[in-house]
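Note sheet for the following structure.
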Amino acid sequence: QTKCGTGCGGCISTGPVKGIIASKLKELGIDKKEGLCGCIPFSRKEVFDIVKVKGLRSFKDILSATAEGREGRSVCTGGCEICKPAVASILASLWNEHILEKGRNVLQDTNDRFLANIQRNGTYSVIPRIAGGEITPKMLKVIAEVGDEYGLYTKVTGGQRIDLFGAQRRDLPVIWKKLVEAGFESGHAYAKSLRTVKSCVGSTWCRYGMQDSVTFAVRLENRYKGLRSPHKLKGGVSGCVRECAEAQGKDFGVVATDKGWNLYVCGNGGARPAHAQLLVSDVDDDTCIKII
C-alpha cells in the first residue's frame, strides 16, 4: 500500500525502512532472522568472516560450512538468486581469483558474465576502460564507429569514460571483439571492483598544476584495475588544491602539493556523502602507492 521500495530502492538499502520493520517486529514479539537467505542462516558480514577464517574457496564448501546455523540446518543445497551472487562477491574480494573459474561462473550476476550492465529495457551498456580519462583520437574513432554500427546511445560518464547504451546481448561478443582489437578492455562498470581513477589535466597543461596528475592517475588505475572488493572502489588524482578531480570525495584520493602528494581515504559521494580524511602529506609517487 505504501509502494515502499518500488522506486530506486534507496529507502530500503540506505534509508530507515529496515529499522522501522525491525522495530515493529520486536514490538510484536517476532524474532527477526538476520540470515542472508533461506539457504544460509548467517548475515553477509558473518558469511564473509566464516569464509575468511576457514579459507573457503567454493560455493559448495560455504553451503556446507554454514548449514548448521541458528535454525539448525540450511534448508537449501543448491543456492538461490540471493546467496549465489553474494557468495561470488565474497570469494572474489577475498581471494581475487578469476571470477569465472572453478565453477564460479554460475554464481555471477548476468552483468559479470556478459561484461556489460543490463538496463531497464533488457539491453546492455558497455563501458570500456579509459584509465585516468586519457584517450587518443584513434580510440575515440573506434568507439564512434561501434556506436554507429550498432545504433548505440553514447554518454560521457562522471568517471571520465564513454558509455555505450542499448547493446543487444547477441551483439556483445562482437562489440567487445572490436573494442579489444582497438586496445580497450572492460572497465568493470558492472562489478564490485575498482571503477575509475579520475584526474584533472595537471601540470602538463594547467597553469595551476603542481604535479602530473594524469600520469599518476593512469598508473594507479592500471595497478588496481580488476581488483575485486566488497563494494565498488573509486579514486581521484588532482593536480592542485583546486581539486578538479574531486579526489577528496573518493574511496582514495590524491591531491598534489609542491612537495609531492597528499593522500586522502574513506571519502564518498553516494547516498551517504563523506569527506575523505587526510592520511599522509607530501609523499612521492612510490611512497603514496605503497601506502595505498
Taking segment 202-237 as the search range and keeping residues that are of a type in the set (A, V, I, L, M, F, W, C), within 28 Å of Leu94 (Cβ to Cβ) and not in a loop (DSSP other than H, G, I, E, B), which one is most open to solvent (accessible area, probe 1.4 Å)? Leu233
When residues of segment 127-147 are limited to those that are of a type in the set (Val, Ile, Thr), out of contact with any His (no Cβ under 9 Å at 6 or more places or on another chain) and open to solvent by less than 60 Å² (accessible area, probe 1.4 Å), the one nearest to Asp61 (Cα to Cα): Ile130
Enumeration of residues in segment 83-126 that are surrounded by fewer than 15 Cβ atoms within 10 Å (Cβ to Cβ) and part of a loop (DSSP other than H, G, I, E, B): Asn96, Glu97, His98, Leu100, Glu101, Lys102, Gly103, Gln119, Arg120, Asn121, Gly122
Taking segment 256-279 and keeping only residues that are within 22 Å of the chain's Cα centre (by Cα) and among the aliphatic types (A, V, I, L, M), one is left with Leu263, Val265, Ala271, Ala274, Ala276
For segment 27-42, enumerate the residues that are open to solvent by less than 40 Å² (accessible area, probe 1.4 Å), over 22 Å from the mean Cα position of the chain (by Cα) and not aromatic (Phe, Trp, Tyr). Gly35, Cys37, Cys39, Ile40, Pro41
Sort out which residues of segment 11-21 are loosely packed, with under 11 Cβ neighbours inside 10 Å and assigned to a helix (DSSP H, G or I), and write them in order of number. Gly19
Among the residues of segment 240-267, write down those that are among the hydrophobic types (A, V, I, L, M, F, W, C) and not in a strand (DSSP E or B). Cys240, Val241, Cys244, Ala245, Ala247, Cys266
Lys60 vs. criteria in a helix (DSSP H, G or I), at pLDDT below 95 and of a type in the set (Lys, Arg): yes
Listed residues Lys54, Lys45, Lys24; which is open to solvent by 50 Å² or more (accessible area, probe 1.4 Å), at pLDDT 85 or above and within 22 Å of Glu101 (Cβ to Cβ)? Lys54
Enumeration of residues in segment 259-273 that are out of contact with any helix residue (DSSP H, G or I) (no Cβ under 8 Å at 6 or more places or on another chain) and either closer than 10 Å to Gln248 by Cβ or not small (Gly, Ala, Ser) (or both): Lys259, Asn262, Val265, Cys266, Arg272
Within segment 179-193, tally of residues that are within 30 Å of Ile90 (Cα to Cα), among the aliphatic types (A, V, I, L, M) and modelled with pLDDT of 95 or more: 2
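The values are calculated or read from the model by the stated rules, or taken from the named source; none is laboratory data. Everything quoted here is computed from the prediction, not taken from an experiment. No Cβ is skipped: glycine too gets one built from the backbone with ideal geometry, and neighbour counts run over all protein chains shown. Only protein heavy atoms, including side chains, enter the accessible area calculation; ligands, DNA and RNA are left aside. Shrake-Rupley method; radii C 1.70, N 1.55, O 1.52, S 1.80 Å.
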